[in-house]
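To start, the structure under review is shown below, and the notes come after it.
The values are calculated or read from the model by the stated rules, or taken from the named source; none is laboratory data. What you see is a predicted model; the values in this text were computed from it and never measured. As a convention, Cβ positions derive from the backbone with ideal geometry for all residues, glycine included, and neighbour counts pool all protein chains shown. Side chains included, ligands, DNA and RNA excluded: accessible areas come from the protein's heavy atoms. Shrake-Rupley method; radii C 1.70, N 1.55, O 1.52, S 1.80 Å.
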Amino acid sequence: MNAAVLAWLLAQLGPATDQNDLAARYTRLAKAREVAREVLSERRANLLAEPLRMTVDGVVTIDQSNNLQGLERQLAALAETPAPDDQTAGEPGTELVTAPLVQARRTR
């Protein structure tokens, strides 16, 4: 993972994100966008595992529903945000071409 990819991931996920964890995920997934999607999905799952709203009458109210909506918006916007390791249009890529093998002469 190069410095541009790391900077993009930290911009998407926040500067407090563990860089060693990001490097391990990037090694496994090979795409910055997939790393960001996986981290954001885990954060969303953690929010859903706990109650989104808790109220203690007259003392405190904790509401996490806006955080959940923010994560969902960020996940949706991730598809439109260009990542530094994305292949640009017109850039040569790897294509897989298959062709059937046939015998040159007909056998009986």
Accessible area per residue in Å² at 1.4 Å probe, computed on the chain
77
Prolate/oblate/rounded call for the chain, Cα gyration tensor, a/c under 1.5 rounded
prolate
Magnitude of the Cβ-charge dipole of the chain, K/R +1 and D/E -1, about the Cα centre, nearest 20 debye?
860
Gain on full stretching of the segment that runs from Asp63 to Arg105 - 0.36 nm per residue minus C-alpha separation:
7.5 nm
